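**Student:** Below is one structure. I have some questions about it.
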Amino acid sequence: MGRPVAIIGSGQTHHGRRFDVTYPELVKEAVDAVFENTGISPNDIEGVVSGTMPSMMEGVALTHFYFAEVLRSVGKPIMKTETCGSTGISLAFTGYYWVASGMADLVLVVGSEKMNEGDSQATMTTVVEPFYQRYFIAGAPGVFSMQCQEWSVKFGIPEDKVRAAATRLSIDHHNDAFDNPYAHIKKRLTPEEVNNARIITYPIRLWDVCPNSDGACAMIFASEEMVKKYGLKPAWVKGVGYSGEEYWFGDSEKAIWQCAIDAAKQAYDMAGITNPRKELDVAEVYNPFTYQEMLYYECFGFCDFGEACDLVLKGVFSREGELPCDPSGGTLCTNPIGATGLNRAAEAALQVTGQAGDHQIPGAKLSLAHAMGGVDQYNGVMILGSEK
Amino acid sequence: MKKDFYTISNVIRLPHKYAAGPSFTRFYNGLEEGKIFGTICPSCKKTFVPARSFCPGCLANLDEWVEVSQEGEVVSWAYTDREFFGMPGKPPVILALIKLDGTDCNFLHLIGGIEMGDRDEVSSAIKRGTRVRAAWNDEKKGHMLDIKYFEPVS
Amino acid sequence: MTNRVGIVEVAMTPGAETKDNFLDQVFKISKEVLDKSGVSRDDIGTVISASSDVFHGGMSCANSYYWDAGAAFLKNGSRQDGESLFAFIYAVMRILSGNYDTALVLGVCKGSENPENDVLTHFFTDPFYQRQIGLNETIAAALQKREYMDRFGITEEQCAGVVVKNLKNALGNPYAHVKKKVGLDDVLASEVVMDPLKAMECAPKSEGIIAMVLAKEELAKKLTDKPVWFKGYGSSIDGFYLGDRDLLEGELPNAAKRAYDAAGIKDPKKEIDVAEVCEPYAFQELLWCEDLGFCGRGEGGKLLESGATGMNGDIPVNPSGGVLAMNPYVSRGLYRLAEGFLQIRGQAGERQLDKQVNTALAHSTHGFAGQCHAVAIIGS
């Protein structure tokens, strides 16, 4: 592993339906926030990484041009990373590698999205090629429903148990969001409301799904020298992992999800983690769907395959549990796609630096951040720690 | 076995709804009233038009509004008699960068009100430095093209 | 930097638009470069690609589509949306970090599946001001060319001279798209598309799928007799609104300085043996030569006329024919780098320069009137 790299600050916008600002103004909010939070001067930034979902979402292409000023990148080197839903974590990796390579000591990373200016499901349909699959894969929920079915059938989990566990997650996370000043959807839900909510694509219902959020997240990656210079609490990058599977949906199974397993393993190996459930203090898992969240717990080794539902119902992954997952409310409550993966890293960093405010997990020292992208195609994992 | 391979066509139409925010909204309102608004940076004192919400150089918030002159000088221009995607109207068209009096940046818009059939005619009428003034549509909708074009001041 | 990164091999498609299936093309090129370099798909460390959803047949999340075809299955990879030199430098970073020994770099752009470039560049605009006026890259370039002529007296003949030079060079390049011998009069008489730009002064829309294998120093030396070393890189971006910028004082000098400093170059005109610059509009080659320090401001036209940028000149520019001969928008930076690579290795065939080529410069630009630039220096 290269030279040590840490996240020394982040800034988020208030996520939601932001028709009060233009897209660049939204990005500016997050960028202004990270400089305000850290006291670092924008002039000291040596490079900028920017990323959002593809241009079909907001109808502006190669947005790094549009955002040049608000990213504070005029006169500086810029990179633009995009890997569908996993963009946020890929952005974090770009910042990490830029510093780890020695080519910069201080890098600003910004993810953003203004979902409400476009049609997100129509946009996601354009991920699919027009030759074979586009007629059948319209939007995201259908794909994840199929994955959920595959998983619950494969491991013989009764439908009502899966439903109960998913409902528990939905209630917990929408509740948790009240303690996160930036979260989009905050709601006190009852099991009846969640179980009887409108069906999106069976078995996924309204409260099992993330919202369309507008928002941006900015983060600063620093070398050891810069950590010392600014005296801010560092969240050291202990491990990174990423993997991508076949493009064609149906080429491989998604219940034992190889790229999720591989991404976590790469990150754990780098960080020296052998028992994630014991060693991690908090995990910010990318959870646009409650059902899929449980799949991640299994693929990331938090529990055995087929076991997640039981443990969710026992509260193992709740805020008071053995391994709190998504105390920020996660993607389920806030999903500005280009920023979401970065939000997971920001939240994970806030946890290990003791700055997560009302949703701080006491004594957190080692955290996980994750994002997923494509038609169940990509997974990326980053491990952050308070010790170098 | 067929020798020619298929080619399939696809036209993608996606709807978008853009949030203009307070600054652009106010600029468009100005156009509806036949006015061109700019904003002034408290830090570098530059005047930007069309009105912006932040200064591109200083990144300061721009809260000071001013109605700018509708007259200025041509900085650069480009002329075409062919159709192109996203064209503002029908050809021939002259696109131009114009420095409106009293402002500190160039305003991207159109030049018109002259004979445009022939580029030689255009090149003799329009040069860098030619003074032009905004000519408006009677019906205004809060769109950049409420200004029909900028025409040479005789 | 004590640990160097070397380019081991290159594979690329020619620029003519084809009816080949895109995935087949990507697969063929990826496989070819891996076979040529002797690194198996299993062994390649990481895959970084450059593509753009607009220059990508309307397929969003671009690298999802060509992930398998681009040898990335179950690999740790990523993507740059924009210009391919960004992907190159990202791959270099991944190797310099020590996490990877090798990297596969891809640039993909299938011109035949896209509408005309200006339909797409129109979408670089903000929806409020510039889009309502219909701005696209050709209009921005036309406004820039007019300023260049008005302020520094660059002539139409000098701009046309770039086209004549580059298309002549392209005749010796099997990968070039446009293969046509043209004279000054042909260019000057070509149709005016956006005055003052004429059709022959504007780059075409081409196919371009290119792959490179990079390796850390010790491995590069084992894989090939003649690795070409990464020496330096610089990039810089200008402001967004056209009217806020001085179109003749852009960010290329900044980008070049960063690259020169990293590579230890003090006198570019002397120390660089060949330069591949990205000139989608002929006049821009003259302007970029000034920005790169090959001559003073306003002297780009005279530099061309002196023959200094010709094949046998002091600082040959675009022996490949440049972007005027072949323009796969997203991949064109890597094609510039590939030409430098081939020239250094003595593998440029008919267009191999007579002189010994030790140091090459590759430049790429994208955005209105050169809003964003990147420069890479490689050497033997």
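The values are calculated or read from the model by the stated rules, or taken from the named source; none is laboratory data. For clarity, every value in this text was computed on a predicted model and none was experimentally measured. When we count neighbours, we look across all protein chains shown, and the Cβ atoms used for this are built from the backbone with ideal geometry, even at glycine. Surface areas here come from the heavy atoms of the whole protein model, side chains and all, with no ligands, DNA or RNA. Shrake-Rupley method; radii C 1.70, N 1.55, O 1.52, S 1.80 Å.
**Student:** Being more than 27 Å from C:GLY15 (Cβ to Cβ), open to solvent by less than 40 Å² (accessible area, probe 1.4 Å), within 13 Å of another protein chain (Cβ to nearest Cβ) and at pLDDT 95 or above, is that true of even one residue in segment C:100-117?
**Tutor:** Yes, there is a match, as at least one residue in segment C:100-117 is more than 27 Å from C:GLY15 (Cβ to Cβ), open to solvent by less than 40 Å² (accessible area, probe 1.4 Å), within 13 Å of another protein chain (Cβ to nearest Cβ) and at pLDDT 95 or above.
**Student:** Would you point out the residue of segment C:76-91, among those that are modelled with pLDDT of 95 or more and more than 7 Å from chain A (Cβ to nearest Cβ), that is farthest from C:PHE230 (Cα to Cα)?
**Tutor:** Taking the candidates together, the pick is C:SER84.
**Student:** Let me ask something additional. Just to verify a result, which residue in segment C:261-290, among those that are within 14 Å of another protein chain (Cβ to nearest Cβ) and open to solvent by 10 Å² or more (accessible area, probe 1.4 Å), is nearest to the chain's Cα centre (by Cα)?
**Tutor:** Only one residue tops the list, namely C:TYR281.
**Student:** Moving on. Identify, from the list B:PHE48, B:PHE54, B:PHE107, B:PHE84, the residue that is out of contact with any strand residue (DSSP E or B) (no Cβ under 7 Å at 6 or more places or on another chain), open to solvent by less than 50 Å² (accessible area, probe 1.4 Å) and within 12 Å of another protein chain (Cβ to nearest Cβ).
**Tutor:** Testing whether each residue is out of contact with any strand residue (DSSP E or B) (no Cβ under 7 Å at 6 or more places or on another chain), open to solvent by less than 50 Å² (accessible area, probe 1.4 Å) and within 12 Å of another protein chain (Cβ to nearest Cβ) leaves just B:PHE84.
**Student:** Every residue in segment B:110-130 that is within 12 Å of chain C (Cβ to nearest Cβ) and surrounded by 16 or more Cβ atoms within 10 Å (Cβ to Cβ), please.
**Tutor:** Result: B:LEU110, B:ILE111, B:MET116, B:ARG119, B:VAL122, B:ILE126, B:THR130.
**Student:** Which residue pairs have Cβ atoms under 6 Å apart, sit 6 or more places apart or on different chains, and have a first residue in segment A:57-79 that is more than 13 Å from chain B (Cβ to nearest Cβ) and outside any helix (DSSP H, G or I) and a second that is surrounded by 24 or more Cβ atoms within 10 Å (Cβ to Cβ) and among the aromatic types (Phe, Trp, Tyr)?
**Tutor:** From segment A:57-79, the pairs are A:LEU62/C:PHE124; A:MET79/C:PHE86.
**Student:** In segment C:46-61, which residues are open to solvent by less than 10 Å² (accessible area, probe 1.4 Å) and within 7 Å of another protein chain (Cβ to nearest Cβ)?
**Tutor:** C:SER52, C:ASP53, C:MET59, C:SER60, C:CYS61
**Student:** May I ask you to list pairs of residues, at least six apart or on different chains, whose Cβ atoms are under 6 Å apart, with the first in segment C:122-143 being at pLDDT 95 or above and the second being assigned to a helix (DSSP H, G or I) and of a type in the set (Asp, Glu)?
**Tutor:** Here the result reads C:ASN136/C:ASP118; C:THR138/C:ASP118, each pair linking segment C:122-143 to a residue that is assigned to a helix (DSSP H, G or I) and of a type in the set (Asp, Glu).
**Student:** Next up: Any idea how many residues of segment C:2-40 are in a loop (DSSP other than H, G, I, E, B) and open to solvent by less than 30 Å² (accessible area, probe 1.4 Å)?
**Tutor:** 3
**Student:** For segment C:173-195, give me the residue count where each residue is acidic (Asp, Glu), within 14 Å of another protein chain (Cβ to nearest Cβ) and open to solvent by 10 Å² or more (accessible area, probe 1.4 Å).
**Tutor:** 1
**Student:** Looking at this structure, is C:GLN144 within 18 Å of the chain's Cα centre (by Cα) and either more than 7 Å from every other protein chain (Cβ to nearest Cβ) or part of a strand (DSSP E or B) (or both)? Give the derivation first.
**Tutor:** Details: within 18 Å of the chain's Cα centre (by Cα): no; either more than 7 Å from every other protein chain (Cβ to nearest Cβ) or part of a strand (DSSP E or B) (or both): yes.
Judged against the criteria, C:GLN144 is not a match.
**Student:** Okay, moving on. Do you know which of the residues in segment A:140-179 that are open to solvent by 10 Å² or more (accessible area, probe 1.4 Å) and of a type in the set (Gly, Ala, Ser) is nearest to A:HIS359 (Cα to Cα)?
**Tutor:** Per the criteria, the residue is A:ALA164.
**Student:** Looking only at segment A:275-331, count every residue that is of a type in the set (Phe, Trp, Tyr) and in a helix (DSSP H, G or I) and tell me the total.
**Tutor:** Counting residues in segment A:275-331 that are of a type in the set (Phe, Trp, Tyr) and in a helix (DSSP H, G or I) gives 3.
**Student:** Hey, another quick one. Quick one: would you say A:SER101 is surrounded by 24 or more Cβ atoms within 10 Å (Cβ to Cβ), touching a residue at least 40 places away in the same chain (Cβ under 8 Å) and facing chain C (nearest Cβ under 7 Å)?
**Tutor:** yes
**Student:** Further, regarding this structure: I need the full set of residues from segment B:97-135 which are touching a Lys or Arg at 6+ places or on another chain (Cβ under 6 Å) and hydrophobic (A, V, I, L, M, F, W, C), in order please.
**Tutor:** B:ALA135
**Student:** OK, next. Pull out all pairs, ordered by first then second residue, where Cβ-Cβ is under 9 Å, the residues are six or more apart or on different chains, the first lies in segment C:311-325 and is more than 21 Å from C:GLU271 (Cα to Cα) and assigned to a loop (DSSP other than H, G, I, E, B), and the second is modelled with pLDDT of 95 or more and aromatic (Phe, Trp, Tyr).
**Tutor:** C:GLY321/C:TYR175
**Student:** Consider B:ALA134 carefully, then state whether it is within 12 Å of another protein chain (Cβ to nearest Cβ), within 15 Å of the chain's Cα centre (by Cα) and open to solvent by less than 20 Å² (accessible area, probe 1.4 Å).
**Tutor:** The answer is no for B:ALA134.
**Student:** Looking at A:SER50, is it modelled with pLDDT of 95 or more, crowded, with 23+ Cβ neighbours inside 10 Å, assigned to a helix (DSSP H, G or I) and touching a helix residue (DSSP H, G or I) at 6+ places or on another chain (Cβ under 9 Å)?
**Tutor:** no
**Student:** I'm trying to understand the selection: among the residues of segment C:147-172, which are open to solvent by 20 Å² or more (accessible area, probe 1.4 Å), within 17 Å of C:ASN312 (Cβ to Cβ) and outside any helix (DSSP H, G or I)?
**Tutor:** C:LEU171
**Student:** Tell me which residues, restricted to segment A:1-39, are crowded, with 24+ Cβ neighbours inside 10 Å, basic (Lys, Arg) and within 18 Å of A:ASN335 (Cα to Cα).
**Tutor:** Scanning segment A:1-39 gives a single hit, A:ARG18.
**Student:** Oh, and also: Report every pair of residues separated by at least 6 positions or lying on different chains whose Cβ atoms are under 8 Å apart, first residue within segment A:256-269 and at the interface with chain C (Cβ under 10 Å from one of its Cβ atoms) and over 13 Å from A:LEU368 (Cβ atoms), second open to solvent by 10 Å² or more (accessible area, probe 1.4 Å) and among the β-branched types (Val, Ile, Thr).
**Tutor:** The qualifying pairs do not exist here.
**Student:** I'm checking my understanding of the structure. Among residues of segment C:118-137 that are away from chain A (no Cβ under 13 Å) and open to solvent by less than 10 Å² (accessible area, probe 1.4 Å), which one is nearest to C:GLU9 (Cα to Cα)?
**Tutor:** Of everything passing the filter in segment C:118-137, C:GLY134 is nearest to C:GLU9 (Cα to Cα).
Each row is one residue, and each column tells you yes or no for (1) away from every other protein chain (no Cβ under 11 Å); (2) assigned to a strand (DSSP E or B).
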residue	(1), (2)
C:LYS221	yes, no
C:LYS226	yes, no
C:TRP229	yes, yes
C:SER236	no, yes
C:GLY239	no, no
C:ASP246	no, no
C:ASN254	no, no
C:ALA259	no, no
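**Student:** Follow-up. Six or more apart or on different chains, Cβ under 7 Å: which pairs go from a residue in segment A:121-136 that's facing chain C (nearest Cβ under 10 Å) and outside any helix (DSSP H, G or I) to one that's surrounded by 15 or more Cβ atoms within 10 Å (Cβ to Cβ) and polar (S, T, N, Q)? Could you list them?
**Tutor:** Close Cβ pairs (under 7 Å, with a partner that is surrounded by 15 or more Cβ atoms within 10 Å (Cβ to Cβ) and polar (S, T, N, Q)) amount to A:THR126/C:SER60; A:VAL127/C:SER60; A:VAL127/C:SER64; A:ARG134/A:THR125.
**Student:** Out of the residues in segment A:193-212 that are assigned to a helix (DSSP H, G or I) and open to solvent by 40 Å² or more (accessible area, probe 1.4 Å), state the one that is nearest to A:VAL143 (Cα to Cα). If you could, list the steps in order and put the result at the bottom.
**Tutor:** Going through segment A:193-212, the residues assigned to a helix (DSSP H, G or I) turn out to be A:193-195, A:206-208.
Of the ones still in play, those that are also open to solvent by 40 Å² or more (accessible area, probe 1.4 Å) are A:193, A:195, A:206-207.
On the way: A:GLU193: 24, A:ASN195: 21, A:LEU206: 16, A:TRP207: 17 Å.
Across segment A:193-212, the extreme among qualifying residues is A:LEU206.
**Student:** Return yes or no: is B:LEU14 of a type in the set (A, V, I, L, M, F, W, C) and closer than 28 Å to A:ASP119 by Cβ?
**Tutor:** yes
**Student:** Hey, does segment A:121-128 have a residue that's open to solvent by 10 Å² or more (accessible area, probe 1.4 Å) and in contact with a helix residue (DSSP H, G or I) (Cβ under 7 Å, 6 or more places away or on another chain)?
**Tutor:** no
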